[in-house]
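K.L.:
Once you've had a glance at the structure underneath, I'll fire off some questions.
The values are calculated or read from the model by the stated rules, or taken from the named source; none is laboratory data. It should be emphasised that the depicted structure is a prediction, and the values quoted were computed from it without experimental measurement. Note that we place each Cβ from the backbone using ideal geometry, even for glycine, and neighbour counts take in every protein chain shown. Only protein heavy atoms, including side chains, enter the accessible area calculation; ligands, DNA and RNA are left aside. Shrake-Rupley method; radii C 1.70, N 1.55, O 1.52, S 1.80 Å.
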Amino acid sequence: MQLNPEQIDAVRTTSGPLLVLAGAGTGKTRVVTERIAQLIRLGIRPERILAVTFTNKAAREMQQRVAARLGRSTETRPEISTFHSLCVRILRRQIQRLGYPSQFIICDRGDQESIAREVLQKYKTQTSITPGDLVNRISRWKCAAVRSHEALNHLDPDSPSDYIFAMAYGEYQKQLKLRGAVDFDDLLLLTEEVFSKFPEALKAESGRFDHILVDEYQDTNLSQYRIIKALAERHKNLCVVGDDDQAIYAWRGAEVEHILRFGKDWPGTKAVRLIRNYRSTQPILDWANRLIHLNQKRHPKRLISPSGGDPPFIETFEDDDSEAAGVVENIHTRLHTEKGLKPGDIAILFRTNEQPRPFELHLRVRKIPYVVVGGQSFFDRKETRDIISYLKLFHNPNNDLALLRIINTPKRGIGETTIQRLRESASKENISLWKALCAQADQNDKLSQFRAMMDSYSHLLRRQFTVDNVRGFIEAIEYEKEIERLFPGDGERQRRMESLADIVNAVGSYLKDSNEETSLRGFLDQTSLGEPDFGKDKEERLGNAVTLMTLHAAKGLEFREVYMVGMEEGLLPHKRSILDLASSAIEEERRLCYVGVTRAKRRLTLTMAKHRLKWGKMRQSIPSRFLFELTGDIENPTYIKILSGAFDMRSADPKNGSRPRKRR
């Protein structure tokens, strides 16, 4: 497919600040890829080009497209990565300036909660605060670029525990640093800190690139914004691509203002609008355009499509169970009557994580395969955390958190008394647990055998990090036998065996796809930065199933047919946004609805329940204001009552006003 005129304009504008406003489905990844190729054709050395995005999946796709576009015309490649991967590489070179080791450990969620649990021991009266609560609160502060010494100035007046959280934040950071460790959010904060405190470090890092491209710029938080600004300040060859109409991550620190004020931040900016949508039909886009036009803070644009089709459908059901049954029945019928339609072509999108349960029940009854995206993470599985802990120890034996997790997993006769003796010795001598273990191994056969196994595979995997060696280590510790012993049932045993296979597949994909020299440390860095690639086998397994996912998780994806369910006040828009007096809260919910609508390629169905079970009681629902805005029915009395706050969120009866019209 040839580039359209707007895409050509973006590709050929190769110097100075450039803002590419890329509407949903307008081919932004292709523009970024072609622009990189154009820079190289003009003589820019590939390694002098940096492209940054947000997810591993997006970075891999961009890397593959650029590689295919360039072929073998160059030996070097542009640096294409996520923000966090970029920051890991910078910190490996610069973090010693802040008093951390260059071989710092990147903590996973389990490690964070272990440290938080220790910290909270100092605040025993606050028994209601869990380690997860503390980790989540600290993460919110870090996403807003609030350091531990600043937290007391950013307390939430509605949270009586916030003072304790702020005090614990400082101790949490102290414990991380004592372990030579950082958490995921620190990767951004510490990079920003290095740049602000050490001009020579900033000069060295910014001097590596002459052109910078940033994807999904509307999703940048304050630290990401500052890092990019610092890196691009010298040459000002900064191209950002994004869509303010799809800014839906304010809750995790993203600031839509960054893309709205880009022209002010970078004088002389050229703006290019991509409005030709290659995904959805025009009737779907008409609804999307009508909806998003009501937001006040946005760059004006209207999407157009060459494809016609049926208008979206609105279905009303008596209650939430009837809604689930009706949607699944509709899917079942279409799978049997619509030529070429497969389960993997269909998505059910919802606002909250509580909504999919009845849909799962009815999908099972109908024997329709499905997958819930955003369920248990790869990294939350016991098998994953165990094996990754072994790999962390092979890389750095002084990782106490990893050692405590696997010292007796699988069971090898090292009991709690022995472990407690090791901890006491390590504390008394001010050494790591591993050094304490080595000191006592000659007097304990079990410790001696464990040390010998760890030494053997540590040397092997640091020297030869291969799929066969990883598989061999898993076999050597007899982890599969442990699964068979603990889980005799076929279903659970098979699921856990698949988790082991996923780890080996992830290693294989890393070794095959990495653009850099591969190593054990490189794999650990990659897995610390997000869900790994499991290879094509798993993609094919998931590709033949109906996808159930939140609207937030659906961003960046597309499906032939989409069902947006629970289109009611209190769900979409969410109740918190309705109660928030700031107009920006409803505008973000409207953008979230817009994202959902624009996931649909050929068919879109929106559903609501007239009654919904809440806290054990069936309550009447209020149609979402977005149903009226999508259809253009904003003169409807019900819509006006919603905006005026005449409805009570808990018990109002929508029968007082007419419902949105139903399309068939």
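K.L.:
Of the residues G132, G110, which single one is free of Cβ contacts under 8 Å to residues at least 24 places away in the same chain and assigned to a helix (DSSP H, G or I)? Even if it seems obvious, please write down each step before you answer.
P.N.:
Details: G110 fails: free of Cβ contacts under 8 Å to residues at least 24 places away in the same chain.
Exactly one of G132, G110 is free of Cβ contacts under 8 Å to residues at least 24 places away in the same chain and assigned to a helix (DSSP H, G or I), namely G132.
K.L.:
Can you list residue pairs whose Cβ atoms sit under 7 Å apart, with the first residue in the range 199-214 being within 21 Å of Q63 (Cβ to Cβ) and the second being of a type outside the set (A, V, I, L, M) and open to solvent by 40 Å² or more (accessible area, probe 1.4 Å)? Count only pairs 6 or more apart in sequence or on different chains.
P.N.:
Hits for this filter: F209/R48; D210/R48; H211/R48.
K.L.:
Any idea which of (1) among the acidic types (D, E); (2) more than 20 Å from N396 (Cβ to Cβ); (3) surrounded by fewer than 16 Cβ atoms within 10 Å (Cβ to Cβ) is the one E516 doesn't satisfy?
P.N.:
(2)
K.L.:
One residue is enough: does the range 280-300 have a residue meeting the conditions open to solvent by 30 Å² or more (accessible area, probe 1.4 Å), under 21 Å from K28 (Cβ atoms) and in contact with a Gly (Cβ under 7 Å, 6 or more places away or on another chain)?
P.N.:
yes
K.L.:
Here's something else I'd like to know. Which residue out of L291, L303 is within 22 Å of K555 (Cβ to Cβ) and in contact with a Cys (Cβ under 7 Å, 6 or more places away or on another chain)? Walk me through it before giving the result.
P.N.:
On the way: L303 fails: in contact with a Cys (Cβ under 7 Å, 6 or more places away or on another chain).
Checking each option against the conditions leaves just L291.
K.L.:
I want to confirm something. Restricting to the range 141-187 and keeping residues that are outside any loop (DSSP other than H, G, I, E, B) and β-branched (V, I, T), which single residue is least open to solvent (accessible area, probe 1.4 Å)? Don't jump to the end; show me each part of the working.
P.N.:
So the first thing to find is which residues in the range 141-187 are outside any loop (DSSP other than H, G, I, E, B), and the list is 141-143, 148-154, 162-178, 181-182, 186-187.
Checking the rest, the ones that are also β-branched (V, I, T) come to 164, 182.
On the way: I164: 26, V182: 0 Å².
Per the stated criteria, the residue is V182.
K.L.:
Applying the selection to the range 618-662, what residues are in a loop (DSSP other than H, G, I, E, B), of a type outside the set (A, V, I, L, M) and at pLDDT below 75?
P.N.:
The first filter runs over the range 618-662 and keeps only residues in a loop (DSSP other than H, G, I, E, B), leaving 621-622, 624, 632-636, 645-653, 657-662.
Imposing the further condition that a residue be of a type outside the set (A, V, I, L, M) reduces the set to 621, 624, 632-633, 635-636, 645, 647-648, 650-651, 653, 657-662.
F647, D648, R650, S651, D653, G657, S658, R659, P660, R661, K662 - these are the residues of the range 618-662 that are in a loop (DSSP other than H, G, I, E, B), of a type outside the set (A, V, I, L, M) and at pLDDT below 75.
K.L.:
While we're here: Could you list, in sequence order, all residues of the range 433-453 that are in contact with a helix residue (DSSP H, G or I) (Cβ under 8 Å, 6 or more places away or on another chain) and either surrounded by fewer than 18 Cβ atoms within 10 Å (Cβ to Cβ) or of a type in the set (K, R) (or both)? Give the derivation first.
P.N.:
Keep residues of the range 433-453 that are in contact with a helix residue (DSSP H, G or I) (Cβ under 8 Å, 6 or more places away or on another chain), which gives 433-442, 444, 446-448, 450-451, 453.
Of everything in the range 433-453, those that are in contact with a helix residue (DSSP H, G or I) (Cβ under 8 Å, 6 or more places away or on another chain) and either surrounded by fewer than 18 Cβ atoms within 10 Å (Cβ to Cβ) or of a type in the set (K, R) (or both) turn out to be K435, C438, A439, Q440, A441, D442, N444, K446, S448, R451, M453.
K.L.:
Now for a different question. In the range 17-31, is there at least one residue being assigned to a helix (DSSP H, G or I), of a type in the set (D, E, K, R) and surrounded by fewer than 20 Cβ atoms within 10 Å (Cβ to Cβ)?
P.N.:
From the range 17-31, those assigned to a helix (DSSP H, G or I) are 28-31; that's our starting set.
Filter once more, keeping what is of a type in the set (D, E, K, R): 28, 30.
Among the residues that remain, those that are also surrounded by fewer than 20 Cβ atoms within 10 Å (Cβ to Cβ) are: 30.
Within the range 17-31 (the criterion being assigned to a helix (DSSP H, G or I), of a type in the set (D, E, K, R) and surrounded by fewer than 20 Cβ atoms within 10 Å (Cβ to Cβ)), the answer is yes, since at least one residue qualifies.
K.L.:
Considering each of L579, L548 in turn, give the residue that is at pLDDT below 90, among the aliphatic types (A, V, I, L, M) and closer than 27 Å to R357 by Cα. Give the derivation first.
P.N.:
Working: L548 fails: at pLDDT below 90.
It is L579.
K.L.:
Looking only at the range 46-78, filter to residues that are touching a residue at least 60 places away in the same chain (Cβ under 8 Å) and in a loop (DSSP other than H, G, I, E, B); which one of those is least open to solvent (accessible area, probe 1.4 Å)?
P.N.:
For the range 46-78, the residue satisfying everything is F54.
K.L.:
Anything in the range 606-628 that is of a type outside the set (K, R) and surrounded by fewer than 20 Cβ atoms within 10 Å (Cβ to Cβ)? List them, or say none. Walk me through how you get there before you give the answer.
P.N.:
From the range 606-628, those of a type outside the set (K, R) are 606-609, 611, 613, 615-616, 618, 620-624, 626-628; that's our starting set.
Listed by number, the residues that qualify are H611, L613, W615, G616, M618, Q620.
K.L.:
Additional query: Go through I248, I138, I227 for me and flag whichever is in contact with a Phe, Trp or Tyr (Cβ under 8 Å, 6 or more places away or on another chain), open to solvent by less than 10 Å² (accessible area, probe 1.4 Å), in contact (Cβ under 8 Å) with a residue 60 or more places away in the chain and not charged (D, E, K, R). First the steps, then the outcome.
P.N.:
Working: I248 fails: in contact with a Phe, Trp or Tyr (Cβ under 8 Å, 6 or more places away or on another chain); I138 fails: in contact (Cβ under 8 Å) with a residue 60 or more places away in the chain.
Checking each option against the conditions leaves just I227.
K.L.:
Across the range 251-271, which residue is nearest to K301 (Cα to Cα) among those that are aliphatic (A, V, I, L, M) and crowded, with 20+ Cβ neighbours inside 10 Å?
P.N.:
So the first thing to find is which residues in the range 251-271 are aliphatic (A, V, I, L, M), and the list is 254, 256, 259-260, 271.
Pick out the ones that are also crowded, with 20+ Cβ neighbours inside 10 Å and you get 254, 256, 259.
Numbers: A254: 22, V256: 16, I259: 14 Å.
This residue is I259.
K.L.:
Ok, one more. What about R493, is it over 18 Å from H395 (Cα atoms), open to solvent by 60 Å² or more (accessible area, probe 1.4 Å) and of a type in the set (K, R)?
P.N.:
Numbers: over 18 Å from H395 (Cα atoms): yes; open to solvent by 60 Å² or more (accessible area, probe 1.4 Å): yes; of a type in the set (K, R): yes.
Answer is yes for this residue.
K.L.:
Give all pairs with beta carbons closer than 6 Å in which a residue from the range 274-293 that is closer than 22 Å to I8 by Cα meets a residue that is assigned to a helix (DSSP H, G or I) and open to solvent by 30 Å² or more (accessible area, probe 1.4 Å); count only pairs at least 6 apart in sequence or on separate chains.
P.N.:
Note: pairs meeting the criteria are L274/E6.
K.L.:
Of the numbered conditions (1) modelled with pLDDT of 90 or more; (2) in contact with a helix residue (DSSP H, G or I) (Cβ under 6 Å, 6 or more places away or on another chain); (3) more than 30 Å from K481 (Cα to Cα), F350 fails exactly one; give the number of that condition.
P.N.:
(2)
K.L.:
Collect the residues in the range 301-344 that are part of a strand (DSSP E or B) and open to solvent by 50 Å² or more (accessible area, probe 1.4 Å), keeping them in residue-number order. Working first, answer last.
P.N.:
Narrowing the range 301-344 to residues part of a strand (DSSP E or B): 304, 313-319.
Answer for the range 301-344, where residues must be part of a strand (DSSP E or B) and open to solvent by 50 Å² or more (accessible area, probe 1.4 Å): I304, E318.
K.L.:
Let me ask something else about it. Would you be able to tell me the number of residues in the range 544-580 that are of a type in the set (V, I, T) and under 10 Å from R351 (Cβ atoms)?
P.N.:
Residues of the range 544-580 of a type in the set (V, I, T): 546-547, 550, 562, 565, 578.
Imposing the further condition that a residue be under 10 Å from R351 (Cβ atoms) reduces the set to 550, 565.
Going through the range 544-580 one residue at a time, the tally reaches 2.
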